[in-house]
Amino acid sequence: MDHSKAPSKKYMTLDQGESVQAMYVWVDGTGENLRCKTKTLNMEPMTPEDLPIWNFDGSSTYQAEGCNSDVYLHPVALFRDPFRQGKNKLVLCETYQFNHKPTKTNTRKSCLDVMETELVENAHPWFGIEQEYTLLDKDGHPLGWPKGGFPGPQGPYYCAVGTGNVFGRDVVEAHYRACLYAGVKIAGTNAEVMPAQWEYQVGPCEGIDMGDHLWISRFILHRVAEDFGIKVTFDPKPIPGDWNGAGAHTNYSTQAMREEGGMKHIYDAIEKLSNKHDYHIRMYDPNEGEDNKRRLTGHHETSSIDNFSHGVANRGASVRIPRQCAEDGKGYLEDRRPSSNCDPYRVTEAIVRTTLLGN
């Protein structure tokens, strides 16, 4: 832990009276990074609508020019603040330009418009995203790796236990508990194939909630790691060579898929996804597929970026049907193409557009 922060703990026990601290959180102009600022309120908000619209200097976040820099923050989702605790809140926000149009990286607005169509709402789309990430020392070197060298080859690290097999479990456990406190629908966690790489799962979430919960879980992870003096990277291929990359495998189902006879609807969805492979590759990382080129090589439990494939229990396919779902004849599919740094709003919108709206 970063012991330089230890003295601040005594101040966090001070009575804050009736005031509430609301930390506004938003996606900046990179489409990958998060920013935050805090506002004092005189009452505890119960819904996003209880919070005022705010603004920030968009010229410092790649979202506006200096001559017209104000960008609006619209509160859209509310979570308990695991760092300040008490009545304090984390407030996920959409960003809007001076003309009240969404900023380029406000992909939530388009996603919400799709999720609120009658056809989609009636289908009750559920999502679960498996968020992989890598922990780094302050110098950017993977946590626990020998300086100037490499650990032993992959094999003993996945779901591992024991010194020398896992690195950074304190961060993982703190993040897990902080997400539970905040109200994030975190479903589990495990060590991944590459040492210092981890995964947590968020879901099931219906519709727009998937993006909201994943973005705030990423914010919490960065904030927890900050307390430990450790960096987090969502780069989909942080270490070149014979090491696993990092993805955000996306589990998806509709009500029809979850009911008896659902396998037919799963295969129908897979057929539609196969016909829009290039579109989904563009939507599945923030750089229109360029990031995923380093990861989707057909090796290290990935499919080729150039070809669509599917199979039961096949982790080398674009889309996997879990073995249990195949046996039950219903359930969900897993799209393994999204990169670890994907925008969950773009991913879930693309899946719904292709499988339910046919566009």
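The values are calculated or read from the model by the stated rules, or taken from the named source; none is laboratory data. Since the structure is predicted, the reported quantities are computational estimates derived from the model, not experimental observations. Heads up, the Cβs are rebuilt from the backbone with ideal geometry, glycines too, and the neighbour counts pull from every protein chain shown. When the accessible area is computed, the model is the full protein with side chains, heavy atoms only, and any ligands, DNA or RNA have been set aside. Shrake-Rupley method; radii C 1.70, N 1.55, O 1.52, S 1.80 Å.
Looking at segment 328-336, can you tell me whether even one residue there is out of contact with any Phe, Trp or Tyr (no Cβ under 9 Å at 6 or more places or on another chain) and surrounded by fewer than 18 Cβ atoms within 10 Å (Cβ to Cβ)? Give the steps one after another, and end with the answer.
Filtering segment 328-336 down to residues out of contact with any Phe, Trp or Tyr (no Cβ under 9 Å at 6 or more places or on another chain) leaves 328-331, 336.
Adding the requirement that they be surrounded by fewer than 18 Cβ atoms within 10 Å (Cβ to Cβ) leaves 328-329.
Checking segment 328-336: at least one residue is out of contact with any Phe, Trp or Tyr (no Cβ under 9 Å at 6 or more places or on another chain) and surrounded by fewer than 18 Cβ atoms within 10 Å (Cβ to Cβ).
Yes/no matrix, rows are residues, columns are (1) in a helix (DSSP H, G or I); (2) among the β-branched types (Val, Ile, Thr); (3) touching a strand residue (DSSP E or B) at 6+ places or on another chain (Cβ under 7 Å):
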| residue | (1), (2), (3) |
| --- | --- |
| Glu132 | no, no, yes |
| Pro153 | no, no, no |
| Val161 | no, yes, no |
| Val171 | yes, yes, yes |
| Leu180 | yes, no, yes |
| Val184 | no, yes, yes |
| Asn190 | no, no, yes |
| Asp212 | yes, no, yes |
| Phe219 | yes, no, yes |
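Kindly evaluate Asn359 against the criterion of being within 18 Å of the chain's Cα centre (by Cα) and part of a loop (DSSP other than H, G, I, E, B). In short, no.
When restricted to residues that are under 25 Å from Phe56 (Cα atoms), free of Cβ contacts under 8 Å to residues at least 60 places away in the same chain and open to solvent by less than 70 Å² (accessible area, probe 1.4 Å), segment 10-34 contains 1.
For segment 338-356, indicate whether the set of residues that are without any contact (Cβ under 8 Å) to a residue 12 or more places away in the chain and either in a loop (DSSP other than H, G, I, E, B) or more than 23 Å from Tyr133 (Cβ to Cβ) (or both) is non-empty. Even if it seems obvious, please write down each step before you answer.
At the first step, the residues of segment 338-356 found to be without any contact (Cβ under 8 Å) to a residue 12 or more places away in the chain are none.
Scanning segment 338-356, I find no residue that is without any contact (Cβ under 8 Å) to a residue 12 or more places away in the chain and either in a loop (DSSP other than H, G, I, E, B) or more than 23 Å from Tyr133 (Cβ to Cβ) (or both), so the answer is no.
Conditions tested, residue by residue: (1) modelled with pLDDT under 95; (2) aromatic (Phe, Trp, Tyr); (3) over 24 Å from Gly29 (Cβ atoms).
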residue	(1), (2), (3)
Lys109	no, no, no
Val114	no, no, no
Thr117	no, no, yes
Glu121	no, no, yes
Trp126	no, yes, yes
Ile129	no, no, no
Thr134	no, no, no
Gly140	yes, no, no
Lys147	yes, no, yes
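For Glu44, the stated conditions do not hold, so it cannot be described as open to solvent by 20 Å² or more (accessible area, probe 1.4 Å), out of contact with any helix residue (DSSP H, G or I) (no Cβ under 6 Å at 6 or more places or on another chain) and under 24 Å from Cys205 (Cα atoms). Pairs meeting the criteria (first residue in segment 256-270 and touching a residue at least 40 places away in the same chain (Cβ under 8 Å), second residue of a type in the set (Ser, Thr, Tyr), beta carbons under 6 Å, at least 6 apart or on different chains) are Ala269/Thr355.
In segment 185-197, the residue that is farthest from Ala246 (Cα to Cα) out of those that are open to solvent by less than 10 Å² (accessible area, probe 1.4 Å) and of a type outside the set (Gly, Ala, Ser) is Pro195.
Can you pull out every residue in segment 313-331 that is under 24 Å from His299 (Cα atoms) and in a loop (DSSP other than H, G, I, E, B)?
Looking only at segment 313-331, we keep the residues that are under 24 Å from His299 (Cα atoms), and these are 313-323.
Hits for segment 313-331 are Ala313, Asn314, Arg315, Gly316, Ala317, Ser318, Pro322.
Is it true that some residue in segment 73-81 is charged (D, E, K, R), in contact with a Lys or Arg (Cβ under 7 Å, 6 or more places away or on another chain), outside any strand (DSSP E or B) and under 28 Å from Ala225 (Cβ atoms)? Within segment 73-81, one or more residues are charged (D, E, K, R), in contact with a Lys or Arg (Cβ under 7 Å, 6 or more places away or on another chain), outside any strand (DSSP E or B) and under 28 Å from Ala225 (Cβ atoms).
The conditions of being open to solvent by less than 40 Å² (accessible area, probe 1.4 Å) and among the charged types (D, E, K, R) are not met by Lys104. Looking across segment 293-316, the residues that are small (Gly, Ala, Ser), surrounded by fewer than 19 Cβ atoms within 10 Å (Cβ to Cβ) and either in contact with a Lys or Arg (Cβ under 6 Å, 6 or more places away or on another chain) or within 18 Å of Tyr279 (Cβ to Cβ) (or both) come down to Ser304, Ser309, Ala313.
The set of residues in segment 116-154 being within 30 Å of Arg353 (Cα to Cα) and of a type in the set (Asp, Glu) consists of Glu116, Glu118, Glu121, Glu130, Glu132. Gln97 meets each of the listed conditions (1) in contact with a Ser or Thr (Cβ under 8 Å, 6 or more places away or on another chain); (2) open to solvent by 20 Å² or more (accessible area, probe 1.4 Å); (3) within 24 Å of Val224 (Cα to Cα) apart from (3).
Residues that are under 21 Å from Ser318 (Cα atoms), part of a loop (DSSP other than H, G, I, E, B) and of a type outside the set (Ser, Thr, Tyr): does segment 221-235 have at least one? Yes, there is a match, as at least one residue in segment 221-235 is under 21 Å from Ser318 (Cα atoms), part of a loop (DSSP other than H, G, I, E, B) and of a type outside the set (Ser, Thr, Tyr).
Per the listing Tyr176, Tyr200, the residue uniquely in contact (Cβ under 8 Å) with a residue 12 or more places away in the chain, closer than 26 Å to Asp81 by Cα and part of a strand (DSSP E or B) is Tyr200.
From the list Met263, Met257, Met210, pick out the single residue that is crowded, with 20+ Cβ neighbours inside 10 Å and within 24 Å of Glu327 (Cα to Cα).
On the way: Met263 fails: crowded, with 20+ Cβ neighbours inside 10 Å; Met210 fails: within 24 Å of Glu327 (Cα to Cα).
After applying the criteria, what remains is Met257.
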